[in-house]
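Novice: Could you have a look at this structure, given as structure tokens, before my questions?
The values are calculated or read from the model by the stated rules, or taken from the named source; none is laboratory data. This structure is a prediction, so every number in the text was calculated from the model and none was measured. As a convention, Cβ positions derive from the backbone with ideal geometry for all residues, glycine included, and neighbour counts pool all protein chains shown.
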Amino acid sequence: MKYLISFALILLTIISCEEVVDLEIDSDETRLIVEGRITNELKVHQIKLTETSDFFNPAEPVSVVGATVTVTDGSNEIQFVESSPGIYGSPVFAGEVGKTYELSIILASALANETVFSAQSTMLNPVVLDSLSAFNSIDFSDGDEFLFTALNFWGTGNLEQENAYLMEVFVNEQLETDTINEVVVFKDEFLNENFEDFNFFFIEEPAALVGDSITLLMHTVEEDFADFHNELLIESEPRDPFGLSSPPSNVSTNISGSAIGYFYTSSVDTVYTRVIDDF
């Protein structure tokens with residue numbers, strides 16, 4: 001039996017993202033889905049626990065309630081409290097760069113004959129953002145003109161660590177990168193950590209308005225998270241109904257046992273600007 005996995009990634013978490021991604025995964029048992037992250041922001045951090053659902057009954061994923069969820073950093077243990085079904089929140093705190101955070105989950109009832117799950121992630125040094133530009137322009141390349149907003153930023157990373165980046169964009173405090181296809185995640189292997197007039201995002205149809213505020217949050221994450229995101233993106237793409245596309249495969253995870261999903265840390269820097277015209 002194939003099961004349908006629904007990731008409503010918390011990125012927000014991937015990140016305040018409301019999109020549900022449906023994946024076919026080979027399994028004969030209901031499994032645990034883990035979604036969550038710890039950042040260096042002073043706030044409540046969340047872990048979301050749900051179950052995989054039957055491919056032939058793609059209802060909303062079932063929340064996993066009554067679990068014991070903790071995160072340790074080597075010296076402190078942080079207890080996460082269930083604030084709503086399947087959503088476990090921490091006390092207000094800020095993660096620290098350089099620390100390794102270990103997630104522990106103990107279920108009240110077993111899934112796939114397991115009750116104990118764990119994962120860990122190390123918080124890396126953040127990119128230091130210098131500035132951001134946002135300008136409206138017109139594209140004539142397809143014969144029809146359309147207005148778009150281009151974003152460029154400048155910043156410096158850390159040459160001594162291997163990392164990846166996740167970027168989210170807000171327009172007038174509303175999340176613009178709110179689907180799995182719009183979230184920007186990439187490794188640093190071709191960048192040499194210098195972001196000079198780095199063009200990374202376009203807002204199209206409709207573009208932002210002149211004077212709108214633009215906020216860029218740049219998350220520095222471990223490279224394995226970029227692999228997870230890219231695999232999730234590939235597996236979420238429509239498949240050939242005649243069976244000519246490649247078969248679905250399990251997306252990688254850092255959760256122990258039979259669980260799927262991802263737990264990660266990120267260090268964040270933020271920069272702001274307003275949209276200007278460029279035509």
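Novice: Kindly list the number of the only condition in (1) hydrophobic (A, V, I, L, M, F, W, C); (2) at pLDDT 90 or above; (3) in a strand (DSSP E or B) that fails for Trp154.
Specialist: The number of the failed condition is (2).
Novice: Any idea which of Tyr3, Tyr88 is buried (at least 18 other Cβ atoms within 10 Å of the Cβ) and either of a type in the set (S, T, N, Q) or at pLDDT below 95 (or both)?
Specialist: After applying the criteria, what remains is Tyr3.
Novice: Here are Thr149, Thr156: which of them is surrounded by 13 or more Cβ atoms within 10 Å (Cβ to Cβ), β-branched (Val, Ile, Thr), touching a residue at least 40 places away in the same chain (Cβ under 8 Å) and within 30 Å of Phe202 (Cα to Cα)?
Specialist: Answer to the selection: Thr149.
Novice: Kindly list the number of the only condition in (1) more than 13 Å from the chain's Cα centre (by Cα); (2) at pLDDT 75 or above that fails for Phe263.
Specialist: Unmet for Phe263, out of (1) more than 13 Å from the chain's Cα centre (by Cα); (2) at pLDDT 75 or above: (1).
Novice: Among the residues in region 88-102, are any assigned to a strand (DSSP E or B) and under 18 Å from Glu51 (Cα atoms)?
Specialist: Taking every residue of region 88-102 in turn, at least one turns out to be assigned to a strand (DSSP E or B) and under 18 Å from Glu51 (Cα atoms).
Novice: Considering only region 24-35, I want to know if a residue exists there that is under 19 Å from the mean Cα position of the chain (by Cα), modelled with pLDDT of 90 or more and farther than 30 Å from Met218 by Cβ.
Specialist: Within region 24-35, one or more residues are under 19 Å from the mean Cα position of the chain (by Cα), modelled with pLDDT of 90 or more and farther than 30 Å from Met218 by Cβ.
Novice: Taking Ala119, is it in contact with an Asp or Glu (Cβ under 8 Å, 6 or more places away or on another chain) and crowded, with 16+ Cβ neighbours inside 10 Å? Reasoning before the result, please.
Specialist: Numbers: in contact with an Asp or Glu (Cβ under 8 Å, 6 or more places away or on another chain): yes; crowded, with 16+ Cβ neighbours inside 10 Å: yes.
Judged against the criteria, Ala119 is a match.
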